[in-house]
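Below: one structure, written as structure tokens.
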Amino acid sequence: MHALNKNRPFRRIVLASAATVSGMVLLLSLKPHAAPALAAGTPVPAPAPTSSGSSVSPGSTKAPAAGARTVTGDTVQTRWGPVRVRVTIQSGKLTDVTAVTYPTENPRDQEINGYAIPQLRREALAAQSADIDMVSGATYTSTGYKQSLQSALDSAGG
């Protein structure tokens, strides 16, 4: 007698369900391959922190205006990778915020952070503090961004 005999429909249902569940588990456990780093989308490695945990960045892509201070916050480890923010403060006002390091390991990270990082930057410049809203879908990056931003502002005395 065959295992999938027509006289035993319950056995067929159980086996079909088990096969479906096994297939879904295997499918969901697959990890995407890491995409090669894109030259334009790859964050620049931040300078090593000083004893206070932050560092002043002498070289950036934009030359800070006279009297401006550029400070890099602490690196915050998140579930998906490190996040680090650099701020420029002039006359006590936050004039620039740059995400120096953030997760870019795979296309999904690049997609999420390509949307979230500019939005977090706008929020920080508008709020002039680290008291900014999280970006939906980028909770870990948002949390790391806020913590690194706060450490940079604390180091700058702002």
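The values are calculated or read from the model by the stated rules, or taken from the named source; none is laboratory data. Here the structure is a predicted model, which is why all the values come from computation and not from measurement. FYI the Cβ positions are ideal-geometry reconstructions off the backbone, even for glycines, and counts take in every protein chain you see. Surface areas here come from the heavy atoms of the whole protein model, side chains and all, with no ligands, DNA or RNA. Shrake-Rupley method; radii C 1.70, N 1.55, O 1.52, S 1.80 Å.
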(request) Sort out which residues of the range 79-93 are open to solvent by 50 Å² or more (accessible area, probe 1.4 Å) and at negative phi, and write them in order of number. (result) Arg79, Trp80, Gln90, Lys93
(message) Being out of contact with any strand residue (DSSP E or B) (no Cβ under 9 Å at 6 or more places or on another chain), assigned to a helix (DSSP H, G or I) and within 21 Å of Ile89 (Cβ to Cβ) is the requirement here; does Ala152 meet it?
(response) no
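Residue by residue, here is whether (1) within 16 Å of Gln147 (Cα to Cα); (2) at pLDDT 90 or above; (3) part of a loop (DSSP other than H, G, I, E, B); (4) open to solvent by 50 Å² or more (accessible area, probe 1.4 Å) holds:
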residue	(1), (2), (3), (4)
Asn5	no, no, yes, no
Ala34	no, no, yes, yes
Gly53	yes, no, yes, no
Pro58	no, no, yes, yes
Thr61	no, no, yes, yes
Thr95	no, no, no, yes
Thr98	yes, no, no, yes
Thr104	no, no, yes, no
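Here is a check on your reading of the model: is Arg122 exposed (fewer than 14 other Cβ atoms within 10 Å of the Cβ) and either out of contact with any Lys or Arg (no Cβ under 8 Å at 6 or more places or on another chain) or modelled with pLDDT of 90 or more (or both)?
yes
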(request) Could you please find all residues in the range 139-150 being open to solvent by 20 Å² or more (accessible area, probe 1.4 Å) and either modelled with pLDDT under 85 or among the polar types (S, T, N, Q) (or both)? (result) Thr139, Thr143, Gln147, Gln150
(request) Residue by residue through the range 18-32, note down the ones that are at pLDDT 75 or above, under 19 Å from Asn106 (Cβ atoms) and not hydrophobic (A, V, I, L, M, F, W, C). (result) Ser29
(request) Would you point out the residue of the range 63-78, among those that are aliphatic (A, V, I, L, M) and at pLDDT below 85, that is least open to solvent (accessible area, probe 1.4 Å)? (result) Ala68
(request) Kindly establish whether Ser136 is in a helix (DSSP H, G or I) and either within 14 Å of Val76 (Cβ to Cβ) or open to solvent by 40 Å² or more (accessible area, probe 1.4 Å) (or both). (result) no
